1. Extent of the stretch 174-226 along each principal axis, from alpha carbon coordinates, in Å, largest to smallest?
2. Rounded if a/c is under 1.5, else prolate if a/b is larger than b/c, else oblate: which is the stretch 107-203, with a ≥ b ≥ c the root eigenvalues of its Cα gyration tensor?
3. Can you list the equivalent-ellipsoid semi-axes of the stretch 49-135, largest first and in whole Å, using the square root of 5 times each Cα gyration tensor eigenvalue?
4. Show me, bin by bin at 10 Å from 0, the whole-percent P(r) of the chain based on Cα pairs.
5. With +1 assigned to the C-beta of every Lys and Arg and -1 to the C-beta of every Asp and Glu, and no other charges, what is the dipole magnitude of the chain about the Cα centre in debye, to the nearest 20?
6. Taking the chain as a Gaussian network, Cα atoms linked when under 10 Å apart, which of Glu186, Glu102, Glu28 shows the biggest mean-square fluctuation?
7. Kirkwood Rh over alpha-carbon pairs of the stretch 117-157, then Stokes-Einstein at 10 °C and 1.306 mPa s: what D in µm² s⁻¹, rounded to an integer?
8. Give a quick list of trypsin sites (Lys or Arg not before Pro) in the stretch 127-220 that DSSP marks as loop, anything other than H, G, I, E or B, with at most 16 other Cβ atoms within 10 Å.
Amino acid sequence: MAQLRRIEVVQINEQVYEAIEAAIVRCELGPGVVLGDRQLAELLGVSRTPVRDALHRLEPSGLVERRGRMGWMVSTFALQDVRELFELRRIFEPLGLERLSETWDEAVVRELSHSFEKFPERLTQDLLPDYLHGDRRFHKEIVGCGRNGRVTRFYGTVEKQIDRIRHYLSYNYEGRVEASLKEHREICAAIAARDLSAATEALDNHLRNVEELITDLARERGLDQRTRERSA
């Protein structure tokens, strides 16, 4: 009896959830798209039960919303969402730095301060994916320094929503990567110096610059108008 485990069912549910979430974040399922559980089940080659489970789990993340009897829909977003998401980042990430400064744990300081050393001053296109991965990991580690599990989990949701907006706008740091690298290194240098004030200021400057660029790009591409049209 000890060998009778329902691992496959659990794996299917999780795989379906991750597949739908990833498709939404990558905007393969774009803002305003109606999500039919029957159609999604057929596309994924599963029953409707794990699809329905995934949609229920995705609702609290803000990636999907109910449409009454019509089922589910990929959530739309607007410029206000960009502002609110970055406002949350400017709360969560400095909290991590503040908690780090209470001990300036040697191992953590060393890891964070060396995060971007391997990258050259001018990043070639082939290095961009590695840089973006390092970027995300760096900010997650800063949030993790806050030692608050709820904040860390909620930050994961914020990060996915920002990634979805980036995909929607086709924004990948092209044309700005050197400035981004410089800003990250300023944060790293302040952490290495154990200067909380300088690290917080450099982090805030970086986040505001990214927000401004995404907001400008969103305006250029008519984000508000396009998301309203998709949901109409």
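1. Rounded to whole Å, the extents work out to 45, 20, 9 Å.
2. Oblate.
3. 36, 20, 15
4. Once binned at 10 Å, the Cα pair distances of the chain give 7, 28, 30, 22, 11, 2, 0.
5. Charge dipole, the chain, about its Cα centre: 980 debye, nearest 20.
6. Evaluated over the chain, the most mobile residue of the options is Glu102.
7. D, rounded to a whole number, is 136 µm²/s.
8. Counting only loop positions with at most 16 other Cβ atoms within 10 Å, the trypsin sites (Lys or Arg not before Pro) in the stretch 127-220 are Arg147, Arg176, Arg194.
Each value in this text was obtained by applying a stated rule to the coordinates, not by laboratory testing. Small disclaimer: the values here were computed from a predicted structure and weren't measured. Backbone-built Cβ (ideal geometry, glycine too); neighbour counts: all protein chains shown.
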